[in-house]
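These notes are about the structure you will find just below.
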Amino acid sequence: MGDGHLWTAYEAAAATGGALCSRGGDAEDWPAEEWSAAGISIDTRSLKPGDIFVALRDARDGHEFLKNAFDAGAAAALVARAPETAPDGAPLLVVDDTLQGLRDLAAAARLRNFGKRIGVTGSAGKTSTKEILRAVLGAGGSVHAADRSFNNHWGVPLTLARLPMHADYGVFEIGMNHGGEITPLTKLVRPHAAIVTTVGAAHLEFFESIEGIAEAKAEIFLGLAPGGVAVLPLDNEYFPLLKKRAEEAGAAAFVTFGEKAGADFRLLDYKPAGAGARLRTSIKGEERGFDVGIPGKHQALNMLAALAAADAVGADLDRGIAALAGLEPAEGRGQRTVIEVDGGEAVLIDESYNANPSSMAASIGLLGAAAPGAGGRRIAVLGEMLELGPDAPALHASLAEALIEAKVDRVYAAGELMRHLWDALPEAMRALYAGSAVGLVGPVEDAVKSGDVVMIKGSNASKVSAVAKALSARAADRKRAS
Ligand SMILES: Nc1ncnc2c1ncn2[C@@H]1O[C@H](COP(=O)(O)OP(=O)(O)O)[C@@H](O)[C@H]1O
Ligand SMILES: [Mg+2]
């Protein structure tokens, strides 16, 4: 976060309607009304000196941690009550409901900032697109965005409440598990451009159909600022629905991205190049070729979505495109590492951050596009995709087709649901099935040979990242990209 001042006591009190006070003691050395905070934190473990600590009631009650917060250097605490655990004299801002207090700070942060805001939702690619936007917009101004996937009922208000007054751009990842969750978040952010990256089978557990997911994603348009632009995935089956909902929500304009003819930001050709790729595109009717630092056709499409949104809020396209060459994949999201193996080198593609059917298909495509070295093979190490509801077995089994199409040679699979894939695979592709991902670590380590390309993918909870960790410990250049 920025240096120095983000919130004074007076501004925070005015924004929340809360009362400035301190519990007990006399407040001479620590005046309740004269603090100023450099940041905001909801977790005392990551709180930085000078932050306001917001005592949320979530999994635990933040009020239990007031002492830790002030020990860590909190400038003040936003609380719903002043419990015994608050150190004597510590400055407090008392409101009825601390989550509402955080939302009030967020709304005030938005009102005092004259920059442009972009909201990003979708079944996959939200965080990737947020990071791409950070680079694209950063080429022409200051950008505020969360360091992590802060996309839920507290993550979005927290990110917005941290928006510096003079930031030129704010980028907000907005997620959901259920219908109705995006509406209040987008109405808080009021984006000038709203992106739906893609709609696919994520969280099917909580939805009757993918159409239901499309409806939920389309809620993002309900918060568009006046004159706001909807950025839509033209290739997606639910494009017409998304467009209709954006229209109904009053979007002032639509911009499309995709591979299909007619996309305003269109991908014409994708070729792997170095650690990244070379793209041929057509942008607003003009053909353009350029290099990008992150591999994957899906990432190329995220980039076109990001460019479309950046253009919609007035950012410079040439500079944005130039910035794409400098991108580096984040941990577990397509990061490539050359690893040392007996007699040579192999390539690890770490996609282990998370998985659902859309992102799984994208990662398998990435493996298919990768060229193994002499004598090398394409190896997929797969953990389960979770939260898919009753269709989960079929969705796992159907990966067999994609793996065959991508010319994958060997498949390592772990977890009960992956049984369904295992059973659907041709004998020759079956390397090993294990009940859990730990059972794959040793065997995969032993199996990788010179020239192999190994792609690792699964839901967070599948722990398949353990395989990626073990292999990346052998990074040839000892330099772990981050
Ligand atoms: N547009 C996309 N379509 C399909 N998969 C994608 C897309 N963008 C990213 N992915 C893959 O989805 C996984 C999660 O990406 P991430 O950007 O963290 O998405 P999110 O924040 O929506 O969960 C990664 O493995 C990534 O490679
Ligand atoms: Mg995310």
### Task
Compute the distance in nm between two label points, each set 7 Å from the Cα along the Cα-to-Cβ direction, one at Lys271 and one at Ile404.
3.1
### Message
Please report the accessible area of Arg333 (heavy atoms, 1.4 Å probe, ligands and nucleic acids excluded) in Å², nearest 10.
### Response
50
### Query
Given R₀ = 35 Å, FRET efficiency for Lys187-Val438 by Cβ-Cβ distance, to 0.05?
0.20
## Note on the structure
Given the candidates Ala9, Ile40, Ala76, the one whose Cα lies deepest towards the positive end of the charge dipole of the range 7-97, counting +1 at each Lys or Arg C-beta and -1 at each Asp or Glu C-beta, is Ile40
### Task
Quick one: work out the % antiparallel among DSSP beta bridges in the chain, nearest 5.
40
#### Entry: Span from the the range 399-467 Cα centroid across to the the range 185-248 one, whole angstrom
33
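Under 15 Å from the Cβ of Ala249, count the other residues' Cβ atoms, weight Lys and Arg +1, Asp and Glu -1, and hand me the total. Intermediate values should be presented prior to the final figure.
Working: positive: Lys187, Arg190, Lys217, Lys243, Lys244, Arg245; negative: Glu215, Glu219, Glu247, Glu248.
Net of charged neighbours comes to +2.
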## Note on the structure
Sorted by chain and then number, the residues having a modelled amide H within less than 5 Å of the amide H of Gly228, at least 5 places away or on another chain, are Ala252
## Note on the structure
Dipole check, the chain, charges on Cβ (K,R +1; D,E -1), about Cα centroid: among Gln100, Val136, Ala214 the Cα furthest to the positive pole belongs to Val136
### Query
Using θ = phi - 60° and the Karplus form 6.51 cos²θ - 1.76 cosθ + 1.60, what ³J(HN,Hα) does each residue of the range 437-449 get, whole Hz, x for Gly and Pro?
4, 4, x, 9, 3, x, x, 5, 3, 5, 7, 5, 10
### Message
Just want the answer: with Cβ charges of +1 for Lys and Arg and -1 for Asp and Glu, which residue in Gly373, Val448, Ala394 is farthest toward the dipole's positive end in the range 335-472?
### Response
Gly373
### Task
Rounding to the nearest 20 debye, state how big the charge dipole of the range 7-97 is about its Cα centre with +1 on each Lys and Arg Cβ and -1 on each Asp and Glu Cβ.
300
### Query
Can you give me the pair-distance distribution of the chain, C-alpha pairs, 20 Å bins, whole percents?
23, 50, 25, 2
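How large is the charge dipole for the chain, taken about the Cα centre, if only the Cβ atoms of Lys, Arg (+1) and Asp, Glu (-1) carry charge, to the nearest 20 debye?
On the way: 48 positive and 61 negative charges, 225 e Å.
Dipole size: approximately 1080 debye.
Once you wrap a convex hull around the alpha carbon atoms of the range 278-396, what is its projected area averaged over all directions, in nm²?
Working: hull surface 40.3 nm².
For the range 278-396, averaging the hull's shadow over all directions gives 10.1 nm².
What is the Cα radius of gyration of the range 313-361 over 2.2 N^0.38 Å, N being its residue count? Show your work: numbers first, answer last.
Details: Rg = 16.0 Å, N = 49, 2.2 N^0.38 = 9.7 Å.
Relative to the 2.2 N^0.38 Å estimate, the range 313-361 comes out at 1.65.
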#### Entry: Using alpha-carbon coordinates, inclination of helix 357-369 to the longest axis of the chain, degrees
50
### Message
Compute the helix-to-body angle for 98-111: its Cα long axis versus the longest principal axis of the chain, expressed 0 to 90° and rounded to tens.
### Response
90
### Summary
Expected vector for the range 150-157, Karplus 3J(HN,Hα) from phi with 6.51, -1.76, 1.60 and θ = phi - 60°, integer Hz, x for Gly and Pro, equals 7, 10, 10, 4, 10, x, 5, x
### Degrees separating the helix 239-248 axis from the principal Cα axis of the chain, which is the longest one
20
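The values are calculated or read from the model by the stated rules, or taken from the named source; none is laboratory data. Quick caveat, the model's predicted, so the values are computed rather than measured. Because the Cβ atoms are built from the backbone with ideal geometry, glycine has one as well, and the counts that use them run over all protein chains shown. For accessibility, only protein heavy atoms count, side chains too; no ligands or nucleic acids. Shrake-Rupley method; radii C 1.70, N 1.55, O 1.52, S 1.80 Å.
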